[in-house]
Amino acid sequence: MEPSSSLVTVSVTKITTFTISLLFLISCSTFTSTEAYDALDPNGNITIKWDVIQWTADGYVAVVTMYNFQQYRHIQSPGWTLGWTWAKKEVIWSMMGAQTTEQGDCSKFKGNVPHCCKKNPTVVDLLPGTPYNQQIANCCKGGVISSWAQDPAGAVSSFQVSVGAAGTTNKTVRVPKNITLKAPGPGYTCGPAKIVRPTAFMSADKRRVTQALMTWNITCTYSQFLAQKTPTCCVSLSSFYNDTIVSCPTCACGCQNGTAGTGSGACVHPDTPHLASVISPPGKSDNTPLVQCTSHMCPIRVHWHVKLNYKEYWRVKVTVTNFNYRMNYSLWNMVVQHPNFDNLTKIFSFQYKSLTPYEGLNDTAMLWGVKFYNDFLSQAGPLGNVQSELLFRKDESTFTFDKGWAFPRRIYFNGDNCVMPPPDAYPWLPNDSSRPVISLLLPVMTLFLSMAFLFAHV
């Protein structure tokens, strides 16, 4: 039967800064997956922490907290999904701040029926607006978690679970196995649960420290290859000194089959009659990506335009366009690599943070929208774009417009690497050295040979 003690709600926000820092260092030390290694965020991962805070008659009450230690990769709507396999015959009596997607077969229980009896439960976050008596700290955000660089306070998600038919001491409790994390789709690989030093909690008046009865951590790392087989964004280029607009590479994210619907290559033209009914079929909700028909077929295009040249500065305009009719990107971000970011002077209408994973190298910037202004990238259409301008100070030792130097080396959108045009297609700087050299003697020689040919046949 259900334990008589009520669920104990703990304030996860009272965890000391020292504890979070220690947890971050521990999670970094367990990062071993070479397939998911990210050179721009070498220590990035999601750490899932289970804190047993109370023993019950047949099990325990635990607070499960997910920390997103990734600098620029966040979890967007429809949010995270967490799963595992119980080591014994555990059941979930009740939950706060989250719920399982299925109850399973609880027919053997009489009277009080558990929340979930499945051997391998799947848990999702509750939605905003959940009644307060079903919430705990850092819950109920629809599974959305910010990246660590954008919003550290929003990079945490928690729920509370009461487990029955389990051990009631540190020696009899068995940690769950086969942990899976979808955010919201595939891409994350989770390691085994490891028992660590119990988490410390600070009281509200900061005069007393308590600790969990038992704690274990799970570290999950991301791989773009596991998340999707094809790219999700591309880059186009232009400049004030050349009329050429370099488009995204053809078929960068796939090739269109010319028909609207599902499957590879499905797309829709913006002038399609009854466009709204094609995007959202009547009577059902469809989250399958549906992009606008383009030569590149990418849901996202980032355009980098070298706009102006001043005596001591130069200016760039960046535009992000959404071609997906079924996706709004909330809390979007972009990472750009360019050697002149060490002299960025001003950025307009975007937030900025320098990413320096390696000492002495400051060529990588993270950009994202201003809250309540342009942090929400709407679906494809007239409002489906955001833009900003960047002002750089010139460094005489490195600055040049020649050989494509003014264009980015690499761009990521929401953590995924975007397809760049080939370097030989970049807009070139018009000058004598870069143009094909045509001799002035060529027309004279042509005329001379033509006249000689005519005289020879007279």
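Wholly within the range 134-206, which strands (runs of 3 or more DSSP E) include no fewer than the required count, namely at least 1 residues that are hydrophobic (A, V, I, L, M, F, W, C), in contact with a Pro (Cβ under 8 Å, 6 or more places away or on another chain) and not assigned by the TED database to the domain that holds Leu82? Before you say what the answer is, go through the steps one by one.
Details: elements: 156-164, 177-182, 188-190, 194-196, 200-202.
It comes to none.
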Problem set entry | Answer from Glu359, Glu312 - the residue that is surrounded by fewer than 18 Cβ atoms within 10 Å (Cβ to Cβ), out of contact with any Ser or Thr (no Cβ under 7 Å at 6 or more places or on another chain), of a type in the set (D, E, K, R) and at pLDDT below 90 | Glu359
For this session: Could you tell me whether the range 369-391 includes any residue that is without any contact (Cβ under 8 Å) to a residue 60 or more places away in the chain, open to solvent by less than 50 Å² (accessible area, probe 1.4 Å) and in a strand (DSSP E or B)?
Result: yes
Problem set entry | Meets criteria (modelled with pLDDT under 85, part of a helix (DSSP H, G or I) and either of a type in the set (Gly, Ala, Ser) or surrounded by fewer than 18 Cβ atoms within 10 Å (Cβ to Cβ) (or both)) for Ser277 | yes
For this session: Scan the range 198-231 for residues that are free of Cβ contacts under 8 Å to residues at least 40 places away in the same chain and not acidic (Asp, Glu) and report the count.
Result: 7
For this session: For Val268, indicate whether it is in contact (Cβ under 8 Å) with a residue 24 or more places away in the chain, under 30 Å from Pro423 (Cα atoms), among the β-branched types (Val, Ile, Thr) and open to solvent by less than 30 Å² (accessible area, probe 1.4 Å).
Result: no
For this session: For the range 65-120, name all the residues that are within 30 Å of Asn328 (Cα to Cα), hydrophobic (A, V, I, L, M, F, W, C) and assigned to a loop (DSSP other than H, G, I, E, B).
Result: Phe69, Trp80
Problem set entry | Answer residue from the range 207-226, given it is hydroxyl-bearing (Ser, Thr, Tyr) and in a strand (DSSP E or B) and is surrounded by the fewest Cβ atoms within 10 Å (Cβ to Cβ) among those | Thr210
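Looking only at the range 137-163, filter to residues that are among the β-branched types (Val, Ile, Thr) and open to solvent by 10 Å² or more (accessible area, probe 1.4 Å); which one of those is farthest from Trp80 (Cα to Cα)? Can you show your working first?
Applying the first criterion (among the β-branched types (Val, Ile, Thr)) to the range 137-163 yields 144-145, 156, 161, 163.
Then drop every residue that is not open to solvent by 10 Å² or more (accessible area, probe 1.4 Å), which leaves 144, 156.
Working: Val144: 7, Val156: 12 Å.
Across the range 137-163, the extreme among qualifying residues is Val156.
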Exercise. Is it true that some residue in the range 118-130 is modelled with pLDDT of 95 or more, touching a strand residue (DSSP E or B) at 6+ places or on another chain (Cβ under 9 Å) and more than 25 Å from Tyr188 (Cα to Cα)?
Worked result: no
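The values are calculated or read from the model by the stated rules, or taken from the named source; none is laboratory data. Bear in mind the structure is a predicted one, so any value in this text is a computation, not a measurement. Cβ coordinates were reconstructed from backbone atoms using ideal geometry, including for glycine residues, and neighbour counts include every protein chain displayed. With ligands, DNA and RNA removed, areas are computed over all heavy atoms of the protein, side chains included. Shrake-Rupley method; radii C 1.70, N 1.55, O 1.52, S 1.80 Å.
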